[in-house]
Amino acid sequence: MDPTMLALWRDTLTQAPVLLYGGTLALGLIIGSFLNVVVLRLPVMMEREWRRDCAELAAGDDAAAAAEERFDLIQPPSICLHCGQRIAPWDNIPLLSWLLLRGHCRACGGTIALRYPLIEAGTALLSLLVVWRFGVSVQAVAALVLTWGLIALALIDLDTQLLPDSITQPLLWLGLLLSLAGVFSNSTDAILGALFGFLSLWLVFHGFRLLTGKEGMGRGDFKLLALLGAWLGWQAVPQIILFSAVPGAVVGVALIASGRQQVEQPMPYGPFLAIAGWISLLWGEAITTAYLRFSGLVG
Ligand SMILES: [Zn+2]
């Protein structure tokens with residue numbers, strides 16, 4: 001698109017909030033629906049790949065892999081988990097279909113989990129907040145991509161205790177790339193942020209393992225904090241650690257006290273990092289400024 005077209009779009013959207021927020025709402029719902037698929041299928045795809053790799057290594061041939069049916073984000077089409085009936089496109093409209101069907105399959109009446117419309121509505125809500133915060137800008141577009149990635153990562157970690165490289169790595173590179181244009185941070189701060197983010201948790205991980213002989217977090221957590229550092233610069237890293245570790249510890253203690261979590265059992269840290277990172281993305285600078293003013297470091 002040429003610059004005048006872009007400027008025209010920007011002016012139109014800025015002057016028509018209904019169009020801007022309506023469009024964001026619709027886009028957020030559609031992306032939320034796609035994230036449902038990603039969260040459900042990506043871990044299965046990863047597991048299949050590991051199995052394939054192991055089989056190849058063991059047998060030295062890939063005949064077993066070739067026989068397997070295609071399973072990715074596109075194929076097979078969505079089906080009802082109760083009756084196996086394929087879900088028609090008109091029953092697959094984000095949020096609306098669930099509301100119209102009152103959370104039941106059209107074919108068998110089985111319940112469709114509340115989680116799906118909640119993720120769609122949640123994605124739309126967070127997308128609206130991003131656009132409200134950044135307006136019509138490159139920052140808003142970039143922040144939307146990061147927001148959607150963080151939603152997927154947080155949910156996959158909650159479900160499976162995995163943080164897929166196929167999401168963390170592209171986001172890390174994108175953060176570094178955006179720093180070249182100074183979208184959220186300059187390149188020096190971004191590179192140091194990635195390094196600082198990775199190393200800080202790496203040190204905690206290995207320190208904890210030396211002291212206790214246990215692994216307190218997953219290695220994916222290092223990569224998640226590295227990517228947040230790449231997007232927001234090294235200055236954001238201490239804040240993200242603080243905003244994730246404190247709530248993480250509180251929730252962990254509460255879960256153990258209520259008997260819903262064993263002390264030995266690791267708790268996913270990714271969702272806390274993702275939430276802290278997202279807060280830092282939207283309000284990090286405001287929080288730092290307020291803190292400095294409060295502590296009397298800046299007048
Ligand atoms: Zn059904």
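Counting only helices (runs of 4 or more DSSP H) that sit wholly inside region 182-299, those with at least 3 residues that are in contact (Cβ under 8 Å) with a residue 60 or more places away in the chain and under 19 Å from ASP159 (Cα atoms) are 220-232, 270-294. More than 16 Å from the ligand (Cβ to nearest atom) and touching a Lys or Arg at 6+ places or on another chain (Cβ under 9 Å): does that describe ALA143? Yes: the conditions hold for ALA143. In the set (1) more than 15 Å from the chain's Cα centre (by Cα); (2) surrounded by fewer than 21 Cβ atoms within 10 Å (Cβ to Cβ), VAL131 fails one condition alone, (2).
Return yes when TRP231 is under 14 Å from ALA274 (Cα atoms) and touching a helix residue (DSSP H, G or I) at 6+ places or on another chain (Cβ under 7 Å) and no when it is not.
yes
Scanning region 104-139 for residues that are aliphatic (A, V, I, L, M) and not in a helix (DSSP H, G or I), which turns out nearest to the ligand (Cβ to nearest atom)? Checking each candidate, the answer is ALA107. Within region 77-103, the set of residues being within 12 Å of the ligand (Cβ to nearest atom) and either of a type in the set (Val, Ile, Thr) or touching a residue at least 24 places away in the same chain (Cβ under 8 Å) (or both) comprises SER78, ILE79, CYS80, LEU81, HIS82, CYS83, ILE87. Give the residue that is farthest from VAL204 (Cα to Cα), with candidates limited to residues of region 230-288 that are buried (at least 19 other Cβ atoms within 10 Å of the Cβ) and hydroxyl-bearing (Ser, Thr, Tyr). So the residue we want is SER280. Meeting the requirement of 2 or more residues that are at pLDDT below 90 and surrounded by 15 or more Cβ atoms within 10 Å (Cβ to Cβ), the helices (runs of 4 or more DSSP H) wholly within region 1-103 are 17-59.
Here the condition is being among the hydrophobic types (A, V, I, L, M, F, W, C), at pLDDT 95 or above and within 27 Å of GLN261 (Cβ to Cβ); of LEU228, LEU211, LEU242, it holds for LEU228 alone.
The values are calculated or read from the model by the stated rules, or taken from the named source; none is laboratory data. Predicted model, so just to flag it, every value in this text is computed and none were measured. FYI the Cβ positions are ideal-geometry reconstructions off the backbone, even for glycines, and counts take in every protein chain you see.
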